[in-house]
1. List the pairs whose first member sits in the range 48-72 and is aromatic (Phe, Trp, Tyr), whose second member is open to solvent by 40 Å² or more (accessible area, probe 1.4 Å), and whose Cβ atoms are under 6 Å apart, counting only residues at least 6 apart or on separate chains?
2. Name the strands (runs of 3 or more DSSP E) wholly inside the range 2-75 in which the number of residues that are under 13 Å from VAL100 (Cβ atoms), open to solvent by less than 10 Å² (accessible area, probe 1.4 Å) and β-branched (Val, Ile, Thr) is 1 or more.
3. State whether one or more residues within the range 96-103 are at pLDDT below 95, aromatic (Phe, Trp, Tyr) and either more than 19 Å from GLN16 (Cα to Cα) or open to solvent by less than 30 Å² (accessible area, probe 1.4 Å) (or both).
Amino acid sequence: MAGTLQAMSLAVVGAQHPNADGSDRRFEILLCPPGEAIELRPEPTNKHDPLAIAVYSARGVQIGYLSAERCGRIGQLMRLGHEVQAIFQGMTQDGTWIRVAFDGEVPELPSSSTVASRDPDHGEFVDDRFYPDEEWPDI
């Protein structure tokens, strides 16, 4: 199965919401350097969306959720047994991006985006020139 699905960039939403344990998603995002491992956790018991996939930093702190447009498909791939690996890609003014690869492939930061720069006023990783993958293959 290796190499049948292309790596892609995915939006992570919900950074403005607090975590149930009191941790701050935006603060945790500031600690994530581009390329750091990210964990995806399906939440089938999520009362708002049973297809929701939570996104966690390497330190185990939730930083948000995959966007609703993508969580159904990524969850389907996970349920079908596709291995999904993810890394932190960067953040923009309004959100965060991760890069995912499938079936033993290792995600790499795309060369078309600037890896990240720190906003001098806020210390955040910012890359407003990055655009995520628009289309991706069906299996």
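The values are calculated or read from the model by the stated rules, or taken from the named source; none is laboratory data. What you are looking at is a predicted structure, and each value in this text was computed from that prediction instead of being measured. All Cβ positions, even for glycine, are placed from backbone atoms using ideal geometry, and neighbour counts span all protein chains on display. Protein only, heavy atoms only, side chains kept; ligands, DNA and RNA dropped before computing areas. Shrake-Rupley method; radii C 1.70, N 1.55, O 1.52, S 1.80 Å.
1. Pairs that qualify, where the first residue is aromatic (Phe, Trp, Tyr) and the partner is open to solvent by 40 Å² or more (accessible area, probe 1.4 Å), are TYR56/GLU39; TYR65/VAL13.
2. Numbers: elements: 8-13, 37-42, 53-56, 62-66.
In the range 2-75, the matching strands (runs of 3 or more DSSP E) lie at 8-13, 53-56.
3. For the range 96-103, residues at pLDDT below 95, aromatic (Phe, Trp, Tyr) and either more than 19 Å from GLN16 (Cα to Cα) or open to solvent by less than 30 Å² (accessible area, probe 1.4 Å) (or both): absent.
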